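The values are calculated or read from the model by the stated rules, or taken from the named source; none is laboratory data. Fair warning: this is a prediction, and the values are worked out from it, not measured in the lab. Keep in mind that these areas ignore ligands, DNA and RNA; they rest on the heavy atoms of the full protein, side chains included. Shrake-Rupley method; radii C 1.70, N 1.55, O 1.52, S 1.80 Å.
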Amino acid sequence: MEEVRASHILIKHEGSRRKASWKDPDGRVISTTTREVAAARLQSLREEVVSGRAHFSDLASVHSDCSSAKRGGDLGKFGRGQMQKPFEDATYALRVGEVSPLIDTDSGVHIILRTG
C-alpha cells in the first residue's frame, strides 16, 4: 500500500467533534469560534506559507489545535483508511511540497502540506 507523509494545521471550531485542544483544554475558545472565523484564520496562515513569508512548521507549532503542533504539524506516514476521508483524499491529491486549499473534516478545518 502506498503511504504518504504530511503535516497539517488544524483550526477547530464550534462544529468540531472534540471541542478541546492542547491550546484550549476546556474548549472555551473553540466552542465560540465559528467555522467562518476558523477558515479565515487558516486562509491567512496558508497565504503566509505559500508566499514564503513563514515556514509551515513554525505556524503549525503556534496555531494548530492538533497535538502534532509539537512536531511542527508532522503526522508521519499513513496509508489509505487511516485518516478521515476528506483529509486522506486531499493529501493523496497533493504533490510533495504542495499545500492544500482548506479542507473540512469532523475535526475542524485544515491545511495540509504533503512532505512525502
* Structure fact -> Residue-ordered couplings for the range 77-84, obtained by feeding phi - 60° into the Karplus form 6.51 cos²θ - 1.76 cosθ + 1.60 and rounding to whole Hz (Gly and Pro as x), are 8, 8, x, 4, x, 9, 10, 4
* By how many nm would the segment from ALA54 to SER67 lengthen if fully extended, with 0.36 nm per residue of separation less the alpha-carbon distance? -> 2.7 nm
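According to the square roots a ≥ b ≥ c of the eigenvalues of the Cα gyration tensor, what is the shape class of the range 74-116, taking rounded for a/c under 1.5, prolate for a/b larger than b/c otherwise, and oblate for the remainder? Write out the running numbers ahead of the final one.
On the way: a/c = 1.67, a/b = 1.15, b/c = 1.44.
Oblate.
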* Determine how many Å³ per residue the convex hull of the Cα atoms of the range 1-97 encloses. => 101
* To do: Pull out the extension gain between LYS85 and ASP106, defined as 0.36 nm times the separation in residues minus the alpha carbon to alpha carbon distance; nm, one decimal.
  => 6.6 nm
* To do: Using θ = phi - 60° and the Karplus relation 6.51 cos²θ - 1.76 cosθ + 1.60, list the HN-Hα couplings for the range 45-59 in order, rounded to whole Hz, with x at every Gly or Pro.
  => 5, 4, 5, 4, 5, 4, 7, x, 6, 8, 8, 3, 5, 5, 5
* Heavy-atom SASA rank of ARG17, ARG80 (probe 1.4 Å, accessible area, largest first) -> ARG17, ARG80
* Could you order ARG41, ARG71, ARG114 by accessible surface area, starting with the largest, using a probe radius of 1.4 Å? => ARG71, ARG41, ARG114
* Sequence-distant residues sharing a close amide H with GLY73 (under 5 Å, placed H) -> none
* Setting aside same-chain residues fewer than 8 positions from LYS77, which lysines have a Cα under 20 Å from its Cα? -> LYS85
* Asked: Can you list the HN-Hα couplings for the range 86-98, worked out from phi with the Karplus curve (6.51, -1.76, 1.60; θ = phi - 60°), rounded to whole Hz and with x for Gly and Pro?
  -> x, 5, 4, 4, 5, 5, 5, 7, 7, 8, 4, x, 8
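Taking 0.36 nm per residue of sequence separation and subtracting the Cα-Cα distance, how much length would be gained by fully extending the chain between SER44 and GLU2, in nm to one decimal? Let's see the in-between values first.
Numbers: separation 42, 0.36 × 42 = 15.12 nm, distance 3.18 nm.
Residue separation times 0.36 nm, minus the Cα-Cα distance, leaves 11.9 nm.
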